[in-house]
Amino acid sequence: MAEISDAIAMIKKAESDAEQLIVDSKAQSKDLIAESRLKAEEFVSEAVIAAEEEAQKTVFDAEDKAKKEAQTIAEKSKGEVKALKDKSMVNVDEAASIIVKNIL
C-alpha cells in the first residue's frame, strides 16, 4: 500500500510540477512577447529616424547642387551678356558713322 501511496504522491507532484511549468511558460511567453514588441517598436523608431535623416540629407544635397548649378548659369549668363554688349558696342560706332554719313 505504501508503494501505491508513494506512486500517487509522485503522480500528483508531477501533475503539480507540470501545471507550474505551464504557468511559468505562459508568463515567460508573455514577457518575451512584450520584450519583442518593445524591440520591434525601437527598430521601427530607429528606422523612421534614419529614413528622415536620409531624406533630409538628400534634400540638402539637392538644394546644394541646385544652388551650384544656378550660380554656374548666372556666371555663364553674365559672360554671354558682356560678350553681346561688347559686340553691340562695335556695331553702335559703325551705325553712328552710317547715320552721320546719311544725314550729312
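When F43 is tested against (1) over 38 Å from the mean Cα position of the chain (by Cα); (2) surrounded by 10 or more Cβ atoms within 10 Å (Cβ to Cβ), only condition (1) is not met. A50 meets all of the listed conditions (1) more than 38 Å from the chain's Cα centre (by Cα); (2) at pLDDT 95 or above but one, namely (1).
The values are calculated or read from the model by the stated rules, or taken from the named source; none is laboratory data. For clarity, every value in this text was computed on a predicted model and none was experimentally measured. Note that each Cβ is placed from the backbone with ideal geometry, even for glycine, and that neighbours are counted across all protein chains shown.
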